[in-house]
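Bear in mind these aren't lab numbers, they're just calculated from the coordinates by the rules spelled out. Keep in mind the model is a prediction, meaning the values are calculated, not measured. Glycine also receives a Cβ, built like all others from the backbone with ideal geometry; neighbour counts cover every protein chain displayed.
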Amino acid sequence: MRIAVFPVLFAALLLTSACSRANQTSGPGTVPAAKASAASPGKPFSLTAEGEAYGLHVTPDYLSFCDRRGGRSLSLLDARESSLERNCAKIEEPNTACSGLALDVAVRASLSEPNDTVDVGGSSFPLRGRVHDCSAEGKVLAVVTGSAVILIDTAKGTATEVSQQGGDRVTLGSGWIAWTDRSKVHGLPLN
């Protein structure tokens, strides 16, 4: 009787251990994954990176960024997040002047005011907060301040606030806007 019970108990112990490791998301021997949420392709998403997120880049199928773990990739089709071989040196400074873009942009800041104004395409757009970063694609300018994320369509002369939370970095590409707010990474399709 003792011989038959021991193998059964040993098998049960192994099965319990294997099941608990399959559900384990952090701790020794596991690779922590960013928590992403997206309902379906073309839907807004948010994820939590490990530490500060930086180096945003959008392609038609994925968003890449860097965090404490190195290069990361988030599929824009199914919200799967994975590692990515890429240079993650923090060499990119935020573009607070909105310079070097395909659009002719000027940022005005009054010393006595807490808000900046962006001049682009013959129009002026008052913002909530100071410019932290800018990105452009075609005739669209994305601006992130400490208080908002704004899309400016220079062809239409309109500005749309896409987030009231603000952030640190922003990028446009392949029909998406993506921005960071410390360790949070957000994305929104422009369609």
query: For D78 and L190, FRET efficiency with R0 = 25 Å and r from the beta-carbon atoms, rounded to 0.05?
result: 0.80
- prompt: Amide H to amide H under 5 Å from F125: which residues, 5+ apart in sequence or cross-chain, H placed 1.01 Å off N in plane?
  reply: V118, D119, V120
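What ranking do 156-164, 57-65, 168-176 get when scored by the average of other Cβ atoms within 10 Å per residue, highest first? Spell out each step's value before the answer.
Values: 156-164: 13.4, 57-65: 17.3, 168-176: 20.0.
Order by mean packing, descending: 168-176, 57-65, 156-164.
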query: Computed from the mean reciprocal separation of all distinct C-alpha pairs, what Kirkwood hydrodynamic radius does region 29-158 have, in Å?
result: 16.5 Å
task: State, as an integer percentage, the relative contact order of region 99-162 based on alpha-carbon contacts under 8 Å between residues 6 or more apart.
output: 22 percent
field: Charge dipole magnitude, Cβ of K and R +1, D and E -1 - region 64-191, Cα centre, debye nearest 20
entry: 300 debye
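Which net charge results when you count Lys and Arg as +1 and Asp and Glu as -1 among the other residues whose beta-carbon is under 14 Å from that of C98?
Values: positive: R108, R130, R169; negative: E93, D104, D116, D119, D133, E137.
Taking every other residue near C98 into account, the sum is -3.
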- prompt: Taking K and R as +1 and D and E as -1, what net charge do the other residues with C-beta under 13 Å from the C-beta of A136 add up to?
  reply: -3
